[in-house]
Amino acid sequence: MALIPLVEPARNEYLAELESKGKRENRFFRLLAHKPEALKHFVPLYGTIMGPGSVDRRTKELAYLAASIANECAYCTAAHKATARKAGISEEEMRAIETEQYQDFSPSDRAVIQYAHELTTEADANATNQALFRNFNDEQVVEITLVVAMANFTNRLNNGLDLEPEG
């Protein structure tokens with residue numbers, strides 16, 4: 001389950017509201033609810049980064065999934081495979097990310113995946129950032145980088161506390 005017990009919604013009104021709105025248990029929110037102010041600030045920050053912006057949903061999901069797979073985060077990989085499907089990413093494309101077989105992706109998708117992977121595994125992206133800059137404008141590069149940073153944040157929290165996926 002997790003290295004620490006998850007907070008029950010009855011103990012946190014905001015958590016109860018989030019789960020009611022989402023119509024499901026959310027183990028990540030239950031974990032984060034140990035620090036209620038962090039949960040309250042996380043939700044709008046996540047929404048700002050992952051919500052509508054200058055980069056389309058598919059691109060954001062490719063970045064999040066590539067980082068989560070690189071970090072071997074079971075929780076985020078499972079969650080973002082589900083959202084990736086909704087964003088139009090196929091099972092074959094997800095397998096290609098898992099096996100680092102990027103050749104069949106478009107140049108812009110490949111740039112995002114490789115950038116997310118390198119930034120996650122190396123803490124910089126010197127080898128891949130130029131491809132990203134060739135395919136995206138400055139605002140989009142910042143947005144993609146924020147997605148990768150958010151993925152790394154959630155991955156490390158989940159991996160550090162051994163949070164397993166729902167279901």
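The values are calculated or read from the model by the stated rules, or taken from the named source; none is laboratory data. What you are looking at is a predicted structure, and each value in this text was computed from that prediction instead of being measured. No Cβ is skipped: glycine too gets one built from the backbone with ideal geometry, and neighbour counts run over all protein chains shown.
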> helices (runs of 4 or more DSSP H) wholly in region 74-167 with at least 3 residues that are among the charged types (D, E, K, R) and in contact with a helix residue (DSSP H, G or I) (Cβ under 6 Å, 6 or more places away or on another chain) - which ones?
Replying inline: none
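In region 34-52, what residues are of a type in the set (D, E, K, R) and not in a helix (DSSP H, G or I)? Don't jump to the end; show me each part of the working.
If we filter region 34-52 for residues that are of a type in the set (D, E, K, R), which is where we start, we get 35, 37, 40.
Answer for region 34-52, where residues must be of a type in the set (D, E, K, R) and not in a helix (DSSP H, G or I): just Lys35.
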> Taking only pairs six or more apart or across chains, which ones have beta-carbon atoms under 7 Å, a first residue in region 17-28 that is touching a residue at least 40 places away in the same chain (Cβ under 8 Å), and a second residue that is in a loop (DSSP other than H, G, I, E, B) and of a type outside the set (Asp, Glu)?
Replying inline: Arg27/Leu6; Arg27/Leu163; Phe28/Leu163
> So which pairs qualify, if the first residue must be in region 63-81 and at positive phi, the second must be among the polar types (S, T, N, Q) and in a helix (DSSP H, G or I), the Cβ gap must be under 8 Å, and the two must be at least 6 apart or on different chains?
Replying inline: Glu72/Asn159
>> Just to verify a result, which residue in region 12-33, among those that are of a type in the set (A, V, I, L, M, F, W, C) and not in a loop (DSSP other than H, G, I, E, B), is surrounded by the fewest Cβ atoms within 10 Å (Cβ to Cβ)?
In response: Ala16
> Which one of these does Val55 not meet: (1) over 12 Å from the mean Cα position of the chain (by Cα); (2) within 22 Å of Ala116 (Cα to Cα); (3) part of a helix (DSSP H, G or I)?
Replying inline: (3)
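Kindly indicate which of Ala63, Ala67 is more than 19 Å from Pro165 (Cα to Cα) and hydrophobic (A, V, I, L, M, F, W, C). Give the derivation first.
Numbers: Ala67 fails: more than 19 Å from Pro165 (Cα to Cα).
Answer to the selection: Ala63.
Is it the case that Glu72 is out of contact with any strand residue (DSSP E or B) (no Cβ under 7 Å at 6 or more places or on another chain) and either modelled with pLDDT under 95 or surrounded by fewer than 16 Cβ atoms within 10 Å (Cβ to Cβ) (or both)? Walk me through how you get there before you give the answer.
Working: out of contact with any strand residue (DSSP E or B) (no Cβ under 7 Å at 6 or more places or on another chain): yes; either modelled with pLDDT under 95 or surrounded by fewer than 16 Cβ atoms within 10 Å (Cβ to Cβ) (or both): yes.
Considered against the rule, which asks whether it is out of contact with any strand residue (DSSP E or B) (no Cβ under 7 Å at 6 or more places or on another chain) and either modelled with pLDDT under 95 or surrounded by fewer than 16 Cβ atoms within 10 Å (Cβ to Cβ) (or both), Glu72 comes out as yes.
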